Amino acid sequence: MFNTILIANRGEIACRVIRTAQRLGIRTVAVYSDADAGALHVTLADEAHHIGPAPARESYLVAERILEVAIRSGAEAVHPGYGFLSENAGFAEACADKGIVFIGPPCAAIRAMGSKSAAKEIMGAAGVPLVPGYHGHEQGAEFLQAEADRIGYPLLIKASAGGGGKGMRVVVRSADFTDALAGARREAMSGFGDDHVLLERYLTKPRHIEIQVFADSHGNALHIFERDCSIQRRHQKVVEEAPAFGMTPQLRAKMGEAAVAAARAIGYVGAGTVEFLLDEDGSFYFMEMNTRLQVEHPVTEMISGLDLVEWQLRVASGEPMPCTQEQLAISGHAIEARIYAEDPSREFLPSIGRLRHMRTPGESAHVRIDSGVRQGDEVSINYDPMIAKLIVWDTDRNAAIRRLRTALADFEVVGVTTNTGFLGNVVAHPAFSAGAIDTGFIERHRDGLIPESVPASDRILALAALDLMLTRSAEAESRAKASHDPHSPWHHTGGWRLNYDNYHFLHFIDEEQAVTITAHYRPTGFLLGLPGGSMLVRGDRDNAGDLHADLAGTRIKATVIRSGAAITVLDQGKSHQLVIHNPHAVGEQDDAAAGRLTAPMPGKIVAVMAEVGVRVERGTPLIIMEAMKMEHTISAPCDGSVAAFHYPVGAVVNEGTELLDFTAEAEPPQP
Ligand code: MV4
């Protein structure tokens, strides 16, 4: 076994690999870019080395730099994680050349699976079922037309060098084939520099079923059952589960056998995944093989009780696999949801900004969270916006679904928009519970899955108002204590007015609408005037900052997070952001906006009005933001120049996000 390994990755997978390595007593070396200097994986590792600027092509993808760190740190092996260099045969080869173990398959196996048509050639020869079609070298249009007519329609034209759904065209009738072929070729050439295509019968409602395989260097190979990854959006997996709904032991054995045959056909060693399309009639067909550990491997770990990274480390160091096929068994059901910083209501646009608040459900035998970020971290535009993987396990699928719905509702994030509401709608959908799942699930049920933005309910407004009043009372109390005359009536917050009932006006902006709540003081709390009527409320905050509220006799616990003018209420699994609005201080607010270089509220950068390093005078517009269908100008707070803009035009940022660095001009010496 290794003494020291380098993890050539970042985020949750780097943290995950470090966790297992440290459990095995292995020293861990991390690498990080400028943007990840304070990242969790850097903190967790035993040592960490800077490898370059934020862009992955200048850091995590620079093989030479990673190898140089491996040699300098004495790492005997490199774990590539997934993505980045994990399926780069050249990197695997470069490791071997330096006498460093690449924790993955032989580079020949990586190369063999790199081309779709070559992969199909090998798999077909190994007896692995292929979709009826043509994947040979003859590419003449007439020949391909004849092949298309032989295969039948609907037909799929796929770019051999393509992947992830890119370069695919469906042809429904023979007369359309010639034009479709020409179009597919053009796209393949421009997209991949290779216009080689393959033809397949088009499966209209397939499921994406993948088999986890493992092989060691002692000739052993086995499978660790299947995962259903059909819930995808634009070829990006969203929800994965194991075992697959409705899978029979017989079909599982046949698919497992085919997957192991595929692994053996390329002399595989290590963790791999064989992806199949499962047709409605129970036929299955090889799609592709991934020569790395997959993002979704935790669901396999949860139902098998195995640690696949431990297996990777043992096998890569020359040990045989810890188990035989006969010793493996499925227990229960696991589901994974990928939590992204993205806005489903804005076509899933990435949402960047600082995680002002992040609280995850408690982990247990039922709930696992693989994350590479924590509260306070920036979610940047540089990398994949996945915040965490939320994995649940229970004894059966319905129990696991219930577990996941609760855990998603308890997953609190403020500072970026996330897809947790969307994920909750997916797993709550009757079609999901019924197992009516195939690769078209999200498109088919799309309307019911995207959370719609609705005005704040009286309950949300009451929680925001209560939190505001508790804050004002606490601030007044601390002011009174700090003053020389603590008992002065001016410190009294009871809203005292001569001959009038004691109350405050609370002004909010909600979904671009102004909302005013009156808060009347009462001996036991506040009587709120809400859009739907009056409500007597009271409450207090616990040490964790949670709000324990009594709303007209209903006792609840909610989270209310303030950041600047924004107030976010997290209640019943939903997050609702309001903006505190003081109509009498518009000038001040504008001045405040002019002085700050942070986003005044969530919005989109629509224009950058200055150049880095060029002198500007106080008040010169620097950035134009669009928010709530209004334009907001971020202006120069004083004479000086912009040192750096942090976000490009088009970026969607959250309230409080630092937008630029500004260098003030030195004040001329006072006479
Ligand atoms: C197919 C198919 C239907 N019939 N091949 C999409 C990307 C690549 N993994 C292969 N893909 C497909 N190949 C035939 N003959 C449907 C898809 C497909 C798909 C496959 C798996 C998971 C999600 C998908 C989403 C759209 C299309």
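What the table shows:
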| quantity | calculated |
| --- | --- |
| Rounded Å value of the spacing that divides the Cα centres of segment 142-160 and segment 262-278 | 27 |
| Charge dipole (segment 132-201, unit charges on Cβ, about Cα centre) - positive-most of 161, 196, 141 | 161 |
| Surrounding net charge for residue 579, when Lys and Arg each add one and Asp and Glu each subtract one, Cβ distance under 13 Å | -3 |
| Lysines whose Cα lies under 22 Å from that of residue 574, excluding same-chain neighbours fewer than 8 positions away | 389, 557 |
| Amide H within-cut-off set for residue 226, under 5 Å, with H built and near neighbours excluded | 244 |
| Nearest 10 degrees, 0 to 90: helix 586-595 Cα axis against the chain principal axis | 50 |
| The chain - mean residue ellipticity at 222 nm from DSSP helices (-39,500 (n - 2.57) per run, n ≥ 4, rounded to 500) | -8500 deg cm²/dmol |
| Computed lengthening from residue 607 to residue 19, 0.36 nm per intervening residue step minus Cα-Cα distance | 207.4 nm |
| Mean separation of Cα contacts under 8 Å, 6 or more apart, over the residue count of the chain: relative contact order % | 9 |
| Net length gained if the chain between residue 478 and residue 234 were fully extended (0.36 nm per residue, minus Cα distance) | 82.5 nm |
| Solvent-accessible area per residue for segment 4-103 (1.4 angstrom probe, square angstrom) | 36 |
| Under 5 Å, built H, 5+ apart or other chain: amide partners of residue 656 | 599, 601 |
| Share of carbon and sulfur in the accessible heavy-atom surface of the chain [1.4 Å probe, %] | 52 |
| For segment 534-544, 3J(HN,Hα) per residue [Karplus equation, 6.51 cos²θ - 1.76 cosθ + 1.60, θ = phi - 60°, Hz, x = Gly/Pro] | 8, 8, 7, 10, 7, x, 7, 9, 8, 5, 7 |
| Whole-number D in µm²/s for the chain (Stokes-Einstein; Kirkwood sum over Cα pairs; 37 °C, 0.692 mPa s) | 116 |
| Nearest 10 degrees, 0 to 90: helix 141-151 Cα axis against the chain principal axis | 90 |
| Antiparallel content of DSSP bridges confined to segment 76-202, in %, to 5 | 85 |
| 3J(HN,Hα) from dihedral phi, segment 553-562, Karplus parametrisation 6.51/-1.76/1.60, rounded to Hz, x for glycine, proline | x, 8, 8, 9, 10, 9, 10, 10, 10, 9 |
| Residue 233 long-range amide H proximity, modeled H, under 5 Å | 238 |
| Local electrostatic count at residue 368 - Lys and Arg +1, Asp and Glu -1, tallied over other residues with Cβ under 13 Å | -4 |
| Among beta bridges that DSSP assigns inside the chain, antiparallel share in %, nearest 5 | 90 |
| Average accessible surface area per residue within segment 290-359, 1.4 Å rolling probe, Å² | 31 |
| FRET E, pair residue 125, residue 324, Förster distance 25 Å, beta-carbon r, rounded to 0.05 | 0.40 |
| Stretch gain in nm, segment residue 511-residue 374, where the contour uses 0.36 nm per residue and the Cα spacing is subtracted | 46.5 nm |
| Per residue value of the accessible surface for segment 129-200 (all protein chains in place, 1.4 Å probe), Å² | 48 |
| In sequence order, calculated HN-Hα J values of segment 226-235 (Karplus, 6.51, -1.76, 1.60; Hz; x Gly/Pro) | 10, 10, 9, 10, 6, 6, 10, 10, 6, 6 |
| Summed residue charge, Cβ within 14 Å of residue 457's Cβ, Lys/Arg positive, Asp/Glu negative | -3 |
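The values are calculated or read from the model by the stated rules, or taken from the named source; none is laboratory data. Just so you know, these numbers come straight off a predicted model, no measurement behind them. Cβ sites come from the backbone with ideal geometry, for glycine too, and all protein chains shown count toward neighbours. The accessibility values were calculated without ligands, DNA or RNA, using every heavy atom of the protein model including side chains. Shrake-Rupley method; radii C 1.70, N 1.55, O 1.52, S 1.80 Å.
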